[in-house]
Amino acid sequence: MFSQQRNLWRKSLGSKPALTQILRRNLFASTPSPSPSERPPVLPPFDHQPTPYNKMMADEILKKRKEFLGPSLFYYYQKPLNIVEGKMQYLYDESGKRYLDAFAGIVTVSCGHCHPDIVNAVVEQTKLLQHTTTIYLHHAIVEFAEALASKMPGNLKVVYFVNSGTEANELAMMMARLYTGNLNMIALRNAYHGGSAGTLGLTALHTWKYPIPQGEVHHVMNPNPYRGAFGSDASRYADEVQDHIAYATPGSVAGFIAETFQGVGGAAELAPGYLKLVYDIVHQAGGVCIADEVQSGFGRTGSHYWGFQTQGVIPDIVTMAKGIGNGLPLGAVVTTPEIAQVMSQKIQFNTFGGNPVCSAGGHAVLKVLDKENRQTHCADVGSHLVGRLKELQHKHEIIGDVRGRGLMLGVELVTDRKDKTPAKAETLILFEKLKDLGVLLGKGGLHGNVFRIKPPMCFNKEDADFLVDALDYAISTI
């Protein structure tokens, strides 16, 4: 398994010998012993004692995983972690070691691991009724739908519950095609919208795409202020969308879908004003506009409850998942009554969508986010964290870009700030070092050279300081 992982690293590095030498020299070397004044930072104190672990250990799990689970599954780190317990913004491995979770189960744990209010809601509902479908009535699904609809702007009032972001985007794409009578979808390069046969067509990162039919999907230029061809000039990117519709489609489209903050693509925030311009173009071409809020929704950006609100637009359809359930398999599509009506042509049904347990848990998530003022908290802590990361950028040349809002951040590493050469090998080295220091991050971007910082929304300023200090220390040792 280790040799397989090493081969994957080599593939990601390409054939550049300099990067390979850096990897060999640093990744497998022990961290130099710092001087007394350069001791590694220490995790903030946290009042929780993990339960002693007495089940299967990491080596045996990895062996059985290789034998019984699909070979396409990947894991982080040379020696993968066996995470056995979580509490709020922290995780614990089989030995009881504590880690700061700065990736939230891939931007899924919104309120915190095992938040007592959500655990209680799930347990109490499970005691009464674990599952029925929408062929019967149940209060939990309508209470949750009403609460969710109250968070939406405009006439976005009709909710469809599903089980994941992929399902949500599949349903949204079908709605767009049925409502408009058109087939062509437009998505952005560098986007990720799911891994099913349909949503792979919307996704535009080759590392995730299998060689299968991609459907009637067109990928336009990514309006990335850091790497995009036109920088932050939204109008030039919008002009390219107009040209693409004129030259590559029948002149009419079904819809346009975008993440306002590209998650898997490396926390890239779209150029300011881009969505307002493109939404107008798409509407003129007969299409509807879909906002993928799977990662950026529910106040994570701090400045707004939904990512699309940072662009001053109201979509026709909004998809969401991940943070909506704090770890429960839950997703949703919210749209207008007019668009929703098109689904009544046939039977539309989802066995598990909106089941009592997930509905109770999802409703509890909304209540916790409000009660604990998590949007305001994300704005405050995120501003502090961005400030400290930008200070670190001035200190270390390897940090090419610090971007994002609230607790939806990215740090892009480069070997050359002028050419913006992705620091692929160095990112791998730092990834391992940060884990050893007690920080768990995500990686993103086409080249895997962006640290994704998207922790549970209970993450505080002390955690932010520890993360930055750990990153500073790790960079200083390579």
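Go through Glu240, Glu269 for me and flag whichever is farther than 30 Å from Asp370 by Cα, modelled with pLDDT of 95 or more and of a type outside the set (Ser, Thr, Tyr). Just one listed residue meets the conditions, Glu240.
Checking each residue in the stretch 298-336 for being under 14 Å from Pro456 (Cβ atoms) and charged (D, E, K, R) picks out Arg300, Lys322. Note on the stretch 256-279: residues that are outside any loop (DSSP other than H, G, I, E, B), in contact with a strand residue (DSSP E or B) (Cβ under 7 Å, 6 or more places away or on another chain) and not aliphatic (A, V, I, L, M) amount to 5.
From the set of residues in the stretch 246-264 that are more than 26 Å from Val294 (Cα to Cα) and among the hydrophobic types (A, V, I, L, M, F, W, C), which is farthest from the chain's Cα centre (by Cα)? Ranking the qualifying residues of the stretch 246-264, first place goes to Ala246.
Kindly indicate whether any position in the stretch 71-83 is in a strand (DSSP E or B) and buried (at least 16 other Cβ atoms within 10 Å of the Cβ). Yes, that holds for at least one residue. Scan the stretch 231-255 for residues that are within 17 Å of Pro315 (Cβ to Cβ) and in a loop (DSSP other than H, G, I, E, B) and the total you get is 2.
This table checks each residue for (1) in contact (Cβ under 8 Å) with a residue 24 or more places away in the chain; (2) touching a Cys at 6+ places or on another chain (Cβ under 7 Å); (3) open to solvent by less than 90 Å² (accessible area, probe 1.4 Å).
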| site | (1), (2), (3) |
| --- | --- |
| Leu43 | yes, no, yes |
| Arg65 | no, no, yes |
| Lys87 | yes, yes, yes |
| Tyr90 | yes, no, yes |
| Leu100 | yes, no, yes |
| Gly112 | yes, yes, yes |
| Pro116 | no, no, yes |
| Gln125 | yes, no, yes |
| Ala140 | yes, no, yes |
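If you go through the stretch 434-478 and keep only what is open to solvent by 20 Å² or more (accessible area, probe 1.4 Å), assigned to a helix (DSSP H, G or I) and under 23 Å from Gly265 (Cα atoms), you end up with just Lys435. The criterion of at least 1 residues that are open to solvent by 20 Å² or more (accessible area, probe 1.4 Å) and closer than 24 Å to Pro272 by Cα is met, among helices (runs of 4 or more DSSP H) falling completely within the stretch 322-418, by 374-395. Inspect all residues belonging to the stretch 224-242 and state whether any of them is in contact (Cβ under 8 Å) with a residue 12 or more places away in the chain, under 24 Å from Glu146 (Cα atoms) and buried (at least 24 other Cβ atoms within 10 Å of the Cβ). Within the stretch 224-242, none of the residues are in contact (Cβ under 8 Å) with a residue 12 or more places away in the chain, under 24 Å from Glu146 (Cα atoms) and buried (at least 24 other Cβ atoms within 10 Å of the Cβ).
Is there a residue being assigned to a helix (DSSP H, G or I) and in contact (Cβ under 8 Å) with a residue 60 or more places away in the chain anywhere in the stretch 193-210? Yes, the stretch 193-210 contains at least one residue that is assigned to a helix (DSSP H, G or I) and in contact (Cβ under 8 Å) with a residue 60 or more places away in the chain. Looking at the stretch 269-298, which of the residues that are farther than 21 Å from Val162 by Cα and small (Gly, Ala, Ser) is surrounded by the most Cβ atoms within 10 Å (Cβ to Cβ)? Here the residue is Gly287. Among the residues of the stretch 137-192, just one is closer than 23 Å to Phe352 by Cα, of a type in the set (A, V, I, L, M), assigned to a loop (DSSP other than H, G, I, E, B) and under 25 Å from the mean Cα position of the chain (by Cα), namely Leu156. Every test in (1) under 27 Å from Asn222 (Cβ atoms); (2) free of Cβ contacts under 8 Å to residues at least 12 places away in the same chain is passed by Tyr136 save one, and that test is (1). Residue count for the stretch 352-370, restricted to those that are among the small types (Gly, Ala, Ser) and over 17 Å from Met457 (Cβ atoms): 4. Of all the criteria given as (1) open to solvent by 10 Å² or more (accessible area, probe 1.4 Å); (2) over 21 Å from Val334 (Cβ atoms); (3) not hydrophobic (A, V, I, L, M, F, W, C), the one not satisfied by Gly266 is (1).
The residues of the stretch 280-293 that are out of contact with any strand residue (DSSP E or B) (no Cβ under 6 Å at 6 or more places or on another chain) and in contact (Cβ under 8 Å) with a residue 40 or more places away in the chain, listed by number, are Ile281, Ala285, Gly286. Can you confirm whether the stretch 137-156 contains a residue that is under 28 Å from Ala271 (Cα atoms), touching a Leu at 6+ places or on another chain (Cβ under 8 Å) and charged (D, E, K, R)? Yes: the stretch 137-156 contains one or more residues that are under 28 Å from Ala271 (Cα atoms), touching a Leu at 6+ places or on another chain (Cβ under 8 Å) and charged (D, E, K, R).
The values are calculated or read from the model by the stated rules, or taken from the named source; none is laboratory data. In this text, all values refer to a predicted model and were calculated from it rather than measured experimentally. Cβ coordinates were reconstructed from backbone atoms using ideal geometry, including for glycine residues, and neighbour counts include every protein chain displayed. The protein model used for the area step is the full one, side chains on, heavy atoms only, and it has no ligands, DNA or RNA in it. Shrake-Rupley method; radii C 1.70, N 1.55, O 1.52, S 1.80 Å.
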